[in-house]
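See structure below.
The values are calculated or read from the model by the stated rules, or taken from the named source; none is laboratory data. On a predicted model such as this, the values are computed, not experimentally measured, just so you know. All Cβ positions, glycine included, derive from the backbone under ideal geometry; neighbour counts span all protein chains shown.
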Amino acid sequence: MSDTFDFQTPPWIDDVSRHPLVTPRVKEIATRLFARLASGEFPFGTRIPAERDLAESFGDSRATIRQALEFLSVYGIVSRRPGSGTFVSYQKRSPSNGAAVNRLPPYLNADQLAETASPFAMNVAGSILAPEMTRLATIYMSTRDISDLHAQLARLEVIVTESETFAALEEEFMMTLARGTHNSLIVAMYGILHEVRRHPQWAAARRQALTPAKIKSIQLLFRSLYDAIERRNVETAVEIIKLYMANAHEEMIYES
């Protein structure tokens, strides 16, 4: 398969803020690998060839290949999993069509959902989605994604009593987790829950439930969750998010 791009542009062309210092040869290999991923040769979620095989294919050293893969991981194109290999995190962007952007069916209307969904229904939806979202995020989050999650956690951990601020940061932490899956459908599905929770009637109930003790409890859970994700410990991360969702379910029952 030839190393030619489709309409996708390497992200480092537009985003130089993450750009690590690499040699021209490393960037050349990274660019050629990106072209192969963008062409669909290695679909999302698949494992790419081992470093030794890529080194043979490109006629270069494993050290150079390793640097190229690390370069790609900075931009979230691949996910490096020690002991398991390198997996594709990249997904193609669809050509935009401005005329269709706002044509959402009624069941995606956040205002309607906020008015008709029960606390139980909200919790069931979150309990189904959050564990799988967490599992995928733990596997596919890039170095930059994990850095973003850490920044969210740092903002959360300084809150003591400000329930409104904490509620907003709590939801943004979860949205950062959703984006870390690199799965546009999961991001969209969690985005719906996110928008419903921002509706005034839900936001008010959440603020009321966020006592200083509850804030501290969530901070500890999110710290443990972050540590598990950073270690790529899928099982622990999923169990922590299940505990977080179970606590939220108890709150809803109590409030009801």
Those residues of the stretch 221-246 which are within 14 Å of the chain's Cα centre (by Cα) and either exposed (fewer than 14 other Cβ atoms within 10 Å of the Cβ) or not hydrophobic (A, V, I, L, M, F, W, C) (or both), in sequence order: 226, 230, 232
Selected residue [surrounded by 19 or more Cβ atoms within 10 Å (Cβ to Cβ) and either in the same structural domain as residue 77 (by TED's automatic domain parsing) or over 9 Å from the mean Cα position of the chain (by Cα) (or both)] from 164, 170, 195: 170
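Here is a yes/no grid of residues against (1) closer than 22 Å to residue 9 by Cβ; (2) under 25 Å from the mean Cα position of the chain (by Cα):
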{"residue": "33", "(1), (2)": "yes, yes"}
{"residue": "36", "(1), (2)": "yes, yes"}
{"residue": "41", "(1), (2)": "yes, yes"}
{"residue": "51", "(1), (2)": "no, no"}
{"residue": "56", "(1), (2)": "no, no"}
{"residue": "59", "(1), (2)": "no, no"}
{"residue": "66", "(1), (2)": "no, yes"}
{"residue": "70", "(1), (2)": "yes, yes"}
{"residue": "75", "(1), (2)": "yes, yes"}
Contacts under 7 angstrom Cβ, first residue in the stretch 232-244 being over 25 Å from residue 86 (Cβ atoms), partner outside any helix (DSSP H, G or I) and among the charged types (D, E, K, R), 6 or more apart: none
Residue 227 in a helix (DSSP H, G or I), without any contact (Cβ under 8 Å) to a residue 60 or more places away in the chain and acidic (Asp, Glu): yes
Residue match in the stretch 198-207 (condition: at pLDDT 85 or above and crowded, with 16+ Cβ neighbours inside 10 Å): no
Extreme residue, modelled with the highest pLDDT, among residues of the stretch 118-145 that are surrounded by fewer than 17 Cβ atoms within 10 Å (Cβ to Cβ) and among the aliphatic types (A, V, I, L, M): 128
